[in-house]
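See structure below.
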Ligand SMILES: Cc1cc2nc3c(=O)[nH]c(=O)nc-3n(C[C@H](O)[C@H](O)[C@H](O)COP(=O)(O)OP(=O)(O)OC[C@H]3O[C@@H](n4cnc5c(N)ncnc54)[C@H](O)[C@@H]3O)c2cc1C
């Protein structure tokens, strides 16, 4: 049976029963998940004339975490030295600005302030500043009260780290760019296609797609890249790579929108200081490219895997109390409910830092299977750098 997607023949069923010989379609690379990470990877592994398909369970790309975040191009100041989060964030920051500039993807290098409200927080601020310097972030500056007032007159803070390399990006346009680049190289995306089984076979993997009807289709791929976001641990387990350390916990982040008004106007990202190894950055102020401003996200671990993206209105008080300390003219009525997103976290509630998993699973006996698991923040920033790493691994294989 031949299935058509986007007007193209994509894959056929496994066995021609009459001839009892295999007629299954083969592709070079199957990418599972069309969020920013899968799309970025597709845009670089489609080079060299490889046959690349992204399989996405939803009816369009980037409908999950990649469109439910702060759209911040992070600096990489927060994460442990030598970690993949640090390396891919710093590299991704540079690559993202280049990609945006070259391809007319909307972005703004706003810069960011990490603020201390009083002397009790100077120690933590100094520590983070030094950490940033050791990460090679040479442009960091320490600002005093007067400097802060010049940049952000409505913010109350006594000292701040200034990070000029931080910015915001239109994540939808960025993903569309990655998809267009993939298509221009001959790759494609197949929607409404949930990967429901993966079997290791000689020379690759048999991948079963559930196409939304009763129909299941199977094809063979030499390489599988698992970029299934919140489902990346499940997809890894489908292939037989079930490790306790890959189990994801879901951690929700809610946002409130800030009313517009002269006394609430801020132009840059403003974050309260958090401890250098903090897994939650504190409720912060994030401007968006449309001229609006959001507060958040907070962090709340979910009990199970059922996701409800609605925002709990009773959180308004907590958002108000924590932001009022540095935005003194804020009133409760200035906050209205906005969106939320869910982080695919490797660290369980209360645990310490866990790094991204970017791993070719050959040592587990799964040559050609590349896992991208736990790609929470700064995954949007890091996406082009994660894609570079994936490309290196793919280039060694085919
Ligand atoms: C509240 C919040 C704020 C954040 N803020 C920032 C920020 O400001 N800056 C930053 O750099 N990062 C930020 N992040 C992190 C960033 O959003 C993510 O790291 C990034 O979007 C992850 O992209 P992804 O492609 O891995 O996952 P996703 O966007 O979740 O994409 C995975 C895709 O896989 C598909 N899929 C799943 N299972 C299957 C299957 N079996 N078959 C087929 N398809 C499947 C899903 O439908 C989905 O489209 C934030 C995250 C959250 C939650």
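The values are calculated or read from the model by the stated rules, or taken from the named source; none is laboratory data. Not measured: the values here are computed from a predicted model. Cβ: placed from backbone, ideal geometry, glycine included. Neighbour counts: every protein chain shown.
Table for the structure above
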| item | result |
| --- | --- |
| Among the candidates 345, 389, residue that is within 14 Å of the ligand (Cβ to nearest atom) and farther than 23 Å from residue 68 by Cβ | 389 |
| First in the range 176-189 and within 15 Å of residue 29 (Cα to Cα) and assigned by TED's automatic domain parsing to the domain that holds residue 61, second anywhere and modelled with pLDDT under 95 and surrounded by 15 or more Cβ atoms within 10 Å (Cβ to Cβ), Cβ under 7 Å, 6 or more apart | 185/47 |
| Near pairs, Cβ below 6 angstrom, 6+ apart or cross-chain, from the range 62-91 (under 18 Å from residue 299 (Cβ atoms) and more than 7 Å from the ligand (Cβ to nearest atom)) to any residue that is modelled with pLDDT of 95 or more and in a loop (DSSP other than H, G, I, E, B) | 85/355; 85/356 |
| The range 359-383: number of residues that are away from the ligand (no atom under 11 Å from the Cβ), buried (at least 20 other Cβ atoms within 10 Å of the Cβ) and touching a residue at least 24 places away in the same chain (Cβ under 8 Å) | 7 |
| Residues located in the range 203-212, provided they are more than 13 Å from the ligand (Cβ to nearest atom) and over 15 Å from residue 360 (Cβ atoms) | 203, 206 |
| Candidate set: the range 191-203, residues that are buried (at least 22 other Cβ atoms within 10 Å of the Cβ) and at pLDDT 95 or above; chosen: the one farthest from residue 239 (Cα to Cα) | 195 |
| Residue count, the range 132-151 (criterion: outside any strand (DSSP E or B), touching a strand residue (DSSP E or B) at 6+ places or on another chain (Cβ under 9 Å) and surrounded by 14 or more Cβ atoms within 10 Å (Cβ to Cβ)) | 6 |
| Hits in the range 114-131 - residues which are buried (at least 20 other Cβ atoms within 10 Å of the Cβ) and not in a helix (DSSP H, G or I) | 114, 115, 116 |
| Scope the range 213-236; condition farther than 16 Å from residue 42 by Cβ and either without any contact (Cβ under 8 Å) to a residue 60 or more places away in the chain or more than 9 Å from the ligand (Cβ to nearest atom) (or both); matching residues | 213, 214, 215, 216, 217, 218, 219, 220, 233, 234, 236 |
| The range 349-358: number of residues that are without any contact (Cβ under 8 Å) to a residue 24 or more places away in the chain and either closer than 19 Å to residue 392 by Cβ or surrounded by 15 or more Cβ atoms within 10 Å (Cβ to Cβ) (or both) | 1 |
| Count - residues of the range 66-93 that are buried (at least 24 other Cβ atoms within 10 Å of the Cβ) and closer than 11 Å to residue 35 by Cα | 1 |
| Residue 37 vs. criteria touching a helix residue (DSSP H, G or I) at 6+ places or on another chain (Cβ under 7 Å), in a helix (DSSP H, G or I) and at pLDDT 95 or above | yes |
| Test result for residue 166, in contact with a strand residue (DSSP E or B) (Cβ under 6 Å, 6 or more places away or on another chain) and more than 30 Å from residue 242 (Cα to Cα) | yes |
| Extreme residue, surrounded by the fewest Cβ atoms within 10 Å (Cβ to Cβ), among residues of the range 40-49 that are more than 10 Å from the ligand (Cβ to nearest atom) and at pLDDT 95 or above | 44 |
| Considering residues of the range 262-284 that are touching a residue at least 60 places away in the same chain (Cβ under 8 Å) and touching a helix residue (DSSP H, G or I) at 6+ places or on another chain (Cβ under 7 Å) only, the residue surrounded by the most Cβ atoms within 10 Å (Cβ to Cβ) | 273 |
| Among (1) assigned by TED's automatic domain parsing to the domain that holds residue 375; (2) surrounded by fewer than 15 Cβ atoms within 10 Å (Cβ to Cβ); (3) under 24 Å from residue 378 (Cβ atoms), the one test that residue 235 misses | (2) |
